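To keep things clear, I will list the structure first and then write my remarks on it.
The values are calculated or read from the model by the stated rules, or taken from the named source; none is laboratory data. Quick caveat, the model's predicted, so the values are computed rather than measured. Note that each Cβ is placed from the backbone with ideal geometry, even for glycine, and that neighbours are counted across all protein chains shown. The accessibility values were calculated without ligands, DNA or RNA, using every heavy atom of the protein model including side chains. Shrake-Rupley method; radii C 1.70, N 1.55, O 1.52, S 1.80 Å.
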Amino acid sequence: MAAPLLSLRGISKRYGEVRANQAVDIDVAPRSIHAILGENGAGKSTLMKLIYGVETPDSGEMLWQGVPLKLASPAAARRRGIGMVFQHFSLFETLTVIENIRLVVPGQTRALIARIRELGTEFGLEVDPHAHVHELSVGERQRVEIIRCLMTDPKLLILDEPTSVLPPQSVDKLFDTLLRLRDGGVSVLFISHKLEEIRAICDRATILSAGKVTGHVDPREHDAHDLARMMIGRDMPEPPPRTPSEPGETMLELIGLTYTPDDPFGMPLKDVALTLRAGEILGIAGISGNGQAELSELISGEIRLPFENREQVQMMGEPVGHLGPAERRQLGFAFVPEDRLGRGAVQGMSLARNSLLTAHPLGLVRHGLIAMAQATEFTRRCIADHDVRTSGAEAEASGLSGGNLQKFIVGREMMLAPKLFFLAQPTWGVDIGAATAIRQKLVALRNEGVAILVISEEIDELFDICDRIQVLSQGRLSPSLETRETRPEDIGRYMIGAGAAA
Amino acid sequence: MSAARIWPTLVRRERPSLYLKVLAPLLALVAATLINLLLYLVMGKDPLAVFHAMILEPFISFSSFSEVLLKTGPLLLIAEGLAIGYRAKVFNIGAEGQFIIGAIFASALPVWYPMATGQWIWPTMLLAGAVGGALWAGITAFWRVRLRANEILVSLMLSLVAVQVLNYLLLGPWKDPNGFNFPQSVMFQYDAMVPLIIPGTRVNASLPIALALALAAYVFMQKSFIGYKLEVGGLAPRAAGYAGFSEGRAIWLSLLIGGFAAGLAGAAEVAGPIGQLQRSISTGYGYAAIIVAYLGGLHPIGIIFSSVVMAAIYIGGDNALVSADLPIAAVRVFQGSLLLAYLMAVTFVRYRLAFPRPMSGAPA
């Protein structure tokens, strides 16, 4: 191996009780695509923040081309030639591409435009410098982010879960870009938990688990099972079995649902139609930003339709478009939103008080006063039955990890004994153990006859648990596809709006 | 490398410090006292005399202390009402106007029926005042819910309107015909006055009423489900939307409660120490109560203490005005610096200072 571009020696970082990174050693070679592999919460993001100067390590040292490296800020990292593309983009939607780039890169506009075009042709990153960012697709926005990093001629580019926002077809194009960058002399740190991707493109992989390095491997020499075992210490969990069953009554029906949000950057929904019966799981695939947020608020009742359009949303056979969330819950509806803190749970409140949020009709309020004993008892039961790892019912919601808080919210909603259960992005930012537990619970509920709707970006997840899948793209919902007869590429075609052709 | 990192920076704590939450108002009080004493020194006053008149006298002289208790009543009432709204992040800044309208509603009875007698009069006046304050605050709630008009601006500007309504009544229809043309109403009859409870002082029954309402506020905010809904709306509006707690209802409730309490305080003031409707019925209680509410940590029990402190500042300021020759603005300056000091101190409940570690100079 050539002299490393970047070396980490014994890097540790802790946040209070949490040891995010412990004695991490990594060598990144020049001209290498190096994967950092680990499940959610393994410490990948912390490590990248240390390398990019967002945080400083508590101990250990970093060497950059053999010289000790101390970074006070991301600006210092950029000056050394380290660039980073975040999972959530930091572009101003109302500005054009060139305006966004000019905000961070000095130079004449004309020269910058020429450079953008040059980088575009060299690395397959074509984008119109004068286009407004809000007009661009997610893939194009990612290209803008990458171009912005490349403008400063980095030697190391960090990409945080870059494929999680892309439809399958765009992933190939991104990989082509990364290979060209590598051949052009740039090393890439590629963060991911998707094993097949890493095997396809990376030449080195460092595996993190619970903040520690558990292995350095050449991913091309190992199969996905090996990598998974290194990542989570056991085999990838099997998808839970679905018992064949005849779907029952219709529990949720959207009929020509059309909605234009007040927010100019929201996504209008056009003529959305779906039917969900008892005892089946319907998945809504697609990249968020294609109307997912609007659809979930329309189904939950957080957005109400005008009275004359109430028939567009039907639950348990009743028109409910004009009803609020509490009234829909009374009909037997339960909902897990995609944002956990601040929506599904209140940050500064204990879990017991968070139980009240939706479970208050279950005897947790007496004569207008909070029945704290009952609320605590309810919460204890939720914690025990749903394996929520926490100090107890008095723990603050914000003190729980993403996965544990999600288990709490899912548990609380399941305890409402819904007939219709709706989950948006149920395993976003949730570790594999918790995600598997949630999926198994959903399938068990389905087998008991509950109607379940899942909105998710994770196509694999939908294929694991859903009976049928529909794709939401640009505010339009595709026809229903039987999971058994559908391939991921078919979903991908709908995601980019190409329809069922071919 | 930039040389900017010589100052400590604020870093968010993992959890708010409970210890500092209690300590912050006390620290703010000490800091504000020291700053103001220094100011008096610069102004050429004798700080010791000021200190004695302003800080000690209200608590060691019985007559002064009874006046402190008298002022505690309205501050406590208004601040308890405001705090409920502030917890729900509904910022009613117009308690002053609601206080004035409350005083006007209460005065209508003795002004229109000066000969009426009976012990029903003063309770009716208090109730009328509370309803008047709530109605006035309801205007703000209506526009906020209907048009999303900012409640801070609407309630604040309605206070200016309330002052003009008061002026109109006192210069016109409600002016005492035998009052030598002074802008004030008739003196109220005996039964229109809230009964005194401590002989030899002006302390009246509105103080125990305020204390009882403070306890009611405690139950409402800490134990009731409606209070919980308001708190969720303040802490996480999207969680309130998710749960299906109505935002409009929270706004109405917050403002009506705040207006009710402020109106009650205004009624108790004209039916108490003042005894008639006049222009100077409020000495900024509606604004001072905002400080009281925050100084008490928006907690019903904390506010009981902070209202006593604020009342003492009023009385101490009056004392110092007379015995230490302090200008009349001194009380306002003290109030303002107290709020500023508190806002700075309370920052450290959620944040701590991080001092930069000496960096080994890496070549840039």
Of B:I209, B:A28, B:L255, whose Cα points farthest to the positive end of the dipole of segment B:14-354 (charges on the beta-carbon: +1 Lys, Arg; -1 Asp, Glu; origin at the Cα centre)? B:L255
What are the residues whose amide H is under 5 Å from the amide H of A:T214, where those residues sit 5 or more places off or on another chain and H is modelled from the backbone? A:I207, A:L208, A:S209
Counting residues in chain A as N, plug N into 2.2 N^0.38 Å and put the Cα Rg over that result. 1.02
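Sum up the charges of everything whose Cβ sits under 12 Å from the Cβ of A:D172, counting Lys and Arg as +1 and Asp and Glu as -1, but leave A:D172 out. Could the numbers behind the result be given before it?
Details: positive: A:K173; negative: A:D176, A:E197, A:E489.
For residues surrounding A:D172, the net value is -2.
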Shielding by partners - mean other protein chain Cβ count within 10 Å, residues of A:362-368: 2
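Pop the C-beta distance of A:T56 and A:D262 into the FRET formula with R0 = 45 Å and round what comes out to the nearest 0.05. Before the final figure, lay out each step's value.
Numbers: r = 42 Å, r/R0 = 0.94.
Rounded to the nearest 0.05, the efficiency is 0.60.
Could I get the Rg over Rh figure for segment A:342-417? Both from C-alpha atoms, Rh via Kirkwood, rounded to two places.
0.93
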Among B:M43, B:M344, B:M221, what's the order by accessible area (1.4 angstrom probe), most exposed first? B:M344, B:M43, B:M221
Counting only residues 5 or more apart in sequence or on a different chain, those whose built amide H sits under 5 Å from that of A:S32 are A:S187, A:V188
Amide H within-cut-off set for A:I455, under 5 Å, with H built and near neighbours excluded: A:I284, A:L423, A:A424, A:Q425
Where only alpha carbons of the protein assembly as shown are counted, the Rg and the Dmax (Å): 32.8, 105
Chain A: relative contact order from alpha carbon pairs under 8 Å, six or more residues apart, as a whole percent, is 15
Cα centroid separation, segment A:387-431 to segment A:458-475 (Å): 22
Which whole-Hz ³J(HN,Hα) couplings does segment B:45-58 yield from phi under the Karplus relation 6.51 cos²θ - 1.76 cosθ + 1.60, θ = phi - 60°, glycine and proline marked x? 8, 7, x, 5, 5, 4, 4, 5, 5, 8, 9, 7, 3, x
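Below 8 Å, C-alpha to C-alpha, sequence gap of six or more: please give me the relative contact order for chain B in percent.
37 percent.
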Accessible area per residue, Å², the protein assembly as shown with all protein chains present, probe 1.4 Å: 44
Of the listed pairs A:K194/A:K407; B:K21/B:K89; A:K49/B:K89; A:K270/B:K229; A:K44/A:K194; A:K212/A:K441, those with alpha carbons more than 25 Å apart are A:K49/B:K89; A:K270/B:K229; A:K212/A:K441
Roughly to the nearest percent, how much of the accessible area of segment A:342-417 is carbon and sulfur, given a 1.4 Å probe? 51
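How much of the pair distance distribution for segment B:14-354 lies past 38 Å, counting alpha-carbon pairs only, in percent?
Values: 9591 of 57970 pairs.
Distances greater than 38 Å cover 17 percent of the Cα pairs.
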Give me the percent of the accessible area of segment B:92-206 that comes from carbon and sulfur atoms, probe 1.4 Å, all protein chains in place. 71
Can you tell me the dipole magnitude for segment A:1-137 around its Cα centre, using point charges on the Cβ only (Lys, Arg +1; Asp, Glu -1), in Debye to the nearest 20? 480
Accessible area (Å², 1.4 Å probe, nearest 10) - B:I93: 40
For segment A:421-502, would you read off the P(r) tail past 14 Å as a percentage of all alpha carbon pairs? 64
Could you tell me the center-to-center distance, by alpha carbons, between segment B:287-324 and segment A:48-108 in angstrom? 50
Suppose only helical runs count, i.e. DSSP H with n ≥ 4. What mean residue ellipticity at 222 nm does that imply for chain A under -39500 (n - 2.57) per run, divided by all residues and rounded to the nearest 500 deg cm²/dmol? -9500 deg cm²/dmol
Just how far, in whole angstrom, is segment B:73-99 from segment A:171-227 if you go by their alpha carbon centroids? 59
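In percent, what relative contact order does segment A:342-417 have, based on Cα pairs under 8 Å that are 6 or more apart in sequence?
39
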Ignoring ligands and nucleic acids, what accessible area does A:R148 show with a 1.4 Å probe (Å², nearest 10)? 40
Hey, what do the phi angles of segment A:223-229 turn into as Karplus ³J(HN,Hα) couplings, whole Hz, using 6.51/-1.76/1.60 and θ = phi - 60°, x for Gly and Pro? 8, 4, 5, 4, 4, 4, 4
Tell me, what HN-Hα J-couplings in whole Hz come from the Karplus equation 6.51 cos²θ - 1.76 cosθ + 1.60 at θ = phi - 60° for each residue of segment A:98-110, using x for Gly and Pro? 5, 5, 4, 6, 5, 4, 10, 10, x, x, 5, 4, 4
According to a simple spin-label model (label point 7 Å from Cα along Cα-to-Cβ), what is the distance in nm between A:V67 and B:D191? 9.4
At 37 °C in a medium of viscosity 0.692 mPa s, segment A:6-232 has a Stokes-Einstein diffusion coefficient, with Rh taken as the Kirkwood radius over alpha carbon pairs, in µm² per second, of 182
Estimated distance in nm for a label pair at A:S398 and A:S137, the labels positioned 7 Å out from Cα along Cα-to-Cβ: 3.9
Order A:F378, B:F105, B:F355 by their accessible area, 1.4 angstrom probe, all chains in place, largest first. B:F355, B:F105, A:F378
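What is the sum of charges around A:A444, taking Lys and Arg as +1, Asp and Glu as -1, for the other residues whose C-beta is under 13 Å from the C-beta of A:A444?
Counting the neighbours of A:A444, the net charge comes to +2.
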Using only DSSP helix segments of four residues or longer, with each worth -39500 (n - 2.57), what per-residue ellipticity at 222 nm results for chain B after dividing by its residue count and rounding to 500? -22000 deg cm²/dmol
Starting from the residue with the highest accessible area, list B:L18, B:L153, A:L208 in decreasing order, probe 1.4 Å. B:L18, B:L153, A:L208
Measuring from label point to label point, each 7 Å out along Cα→Cβ, what is the B:T9 to B:T347 span in nm? 1.5
A:K212: accessible area at probe 1.4 Å, nearest 10 Å²? 100
Among the lysines, select those whose C-alpha is under 18 Å from the C-alpha of B:K45, and discard any that sit fewer than 8 residues away in the same chain. none
Let me check I've understood the local charge: for A:H130, count other residues with C-beta under 14 angstrom from its C-beta, Lys and Arg +1, Asp and Glu -1. What total comes out? -2
